[in-house]
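Heads up: the structure comes next, in structure tokens.
No lab work stands behind these numbers, since they all come straight from the coordinates. What you are looking at is a predicted structure, and each value in this text was computed from that prediction instead of being measured. Cβ sites come from the backbone with ideal geometry, for glycine too, and all protein chains shown count toward neighbours.
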Amino acid sequence: MNEKIVVIGGGTGISAILRGVKKYSKNISAIVAMTDDGGGSGILRNDLGMLPPGDVRNCLVALANTEPAMEKLFQYRFDMGSLEGQNFGNIFIAALNNIYGSFDAALREIGNVLKITGRVIPVTLDNVHLVAKFANGDKCLGESIIPKMCYKLDTEILEVSLFPEVPNANKKALDAILEADKVLLGPGSLYTSIIPNLVVDGISKALYDTKAEKIYIANAMTQRGETNNYSIKDHILAIEKHSFKNIINTCLVNDHEISKDILDKYLDKDKSKRIELTKTDIDFLNKRNINLIVDDFIEEVDGFVRHSGEKVARQVINEA
């Protein structure tokens, strides 16, 4: 239970991984992107001038060791009145942010309330927004609308950056990476959850300098507006483009046969397809000297494909 594990991402992708990893290690640092500007997080961000709480809330709940009722409370979303669409946990974080005077202090206090295993670290404490440059020459500001605009314009994302400037990394994030035994990237939205962490000033250098094994957990499905028709190779090349060549040491690829009903649902609703390992991918990984691990890493939950934190943790943590 002594390996130091860092998980980097955003959105809901890393929450399942954290739930699995905490069973095998107490030394967990979840580094979370701070570019979310949609939903309840976006409202609180605009109204109160605070950092977005939604993604860190999901990570805090995933690492919590409290009664199930407390988890339900922090994930409760109001469905009527002036608070419709807002999440109780987000409001709680906003209150602590005001009481203690900083987002970092608020997360520390809520971590104590939830008795979390490990810690949740915002990748930066600066107020930033995500910018995407598209293949057609257009640019788009705002994490929540980038995939929608990309799909609407029928183009591809070339690169993402941050506005108004490249923010400084949270020192806690840098220290966690440099001291880690293993760093897990993903799973999650490539351009709006994973890469936004890499373009924060100092993060890619810390990943370059660390002696930790850097493991990429490949997505099981493509994502409309972000990774249409992307292969494993395409995902890794995008990560390298925003960081450095050979950033990945190990790549986990799922080989679980997803049910046809679910695949049809993804195709009909989101134009998403299963990402299958190809010979081109294998040749690319071999050329990069990336260790390839192919296994069953997902589970089907309520008609959706989700990575199993338990399955991933058993594979990547030595004590598992």
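Couple of notes before you dig in:
- Contour excess over end-to-end distance, with Cα ends at Tyr208 and Glu179 and 0.36 nm allotted per residue: 9.2 nm
- Whole-number percent relative contact order across the stretch 1-117, with pairs defined as alpha carbons under 8 Å at least 6 apart: 23 percent
- Computed across the stretch 37-121, the Kirkwood hydrodynamic radius from all distinct Cα-Cα pairs reaches 12.8 Å.
- Only lysines eight or more places from Lys72 in sequence, or on another chain, were considered; those with a Cα closer than 22 Å are Lys22, Lys23, Lys115.
- Straight-line reach from Lys260: taking Cα to Cα under 16 Å and skipping same-chain neighbours fewer than 8 places apart, the lysines in range are Lys269, Lys271, Lys273.
- Counted over the chain, the DSSP beta bridges are approximately 35% antiparallel.
- Simple label model, 7 Å out from Cα along Cβ direction - Lys265 to Asn318, nm: 4.0 nm
- Column: log10 I(q)/I(0), Debye, Cα scatterers of the stretch 114-168, q = 0.13, 0.15, 0.20, 0.21 Å⁻¹: -0.44, -0.53, -0.72, -0.76
- Largest GNM mean-square fluctuation among Leu174, Leu185, Leu60, using the chain with Cα springs under 10 Å: Leu174.
- Whole-Hz couplings from phi, Karplus 6.51/-1.76/1.60, listed for the stretch 143-151; x for Gly and Pro: 3, 5, 10, 4, x, 5, 5, 4, 5
- Separation of the Ser102 and Lys23 label points, Cα + 7 Å toward Cβ, nm: 3.6 nm
- Calculated mean residue ellipticity at 222 nm for the chain: -11000 deg cm²/dmol, from DSSP H runs with n ≥ 4 weighted as -39500 (n - 2.57), summed, divided by the residue count and rounded to 500.
- Three-way shape call for the stretch 4-80 based on the alpha-carbon gyration tensor, with the a/c threshold at 1.5: oblate
- The equivalent ellipsoid that matches the C-alpha gyration tensor of the stretch 25-179 spans semi-axes of 28, 20, 14 angstrom, in descending order.
- Unit charges on C-beta of K, R, D, E only; dipole of the chain, Debye: 460 debye
- Under Karplus coefficients 6.51, -1.76 and 1.60, residue-wise ³J(HN,Hα) of the stretch 212-226 in Hz, glycine/proline x: 5, 6, 9, 10, 9, 9, 5, 5, 7, 10, 6, 10, 4, x, 10
- Measuring max minus min along each principal axis, the C-alpha atoms of the chain give extents of 55, 47, 41 Å (largest first).
- Hydrodynamic radius (Kirkwood) for the stretch 127-209, which is based on Cα pairs only, to one decimal in Å: 13.8 Å
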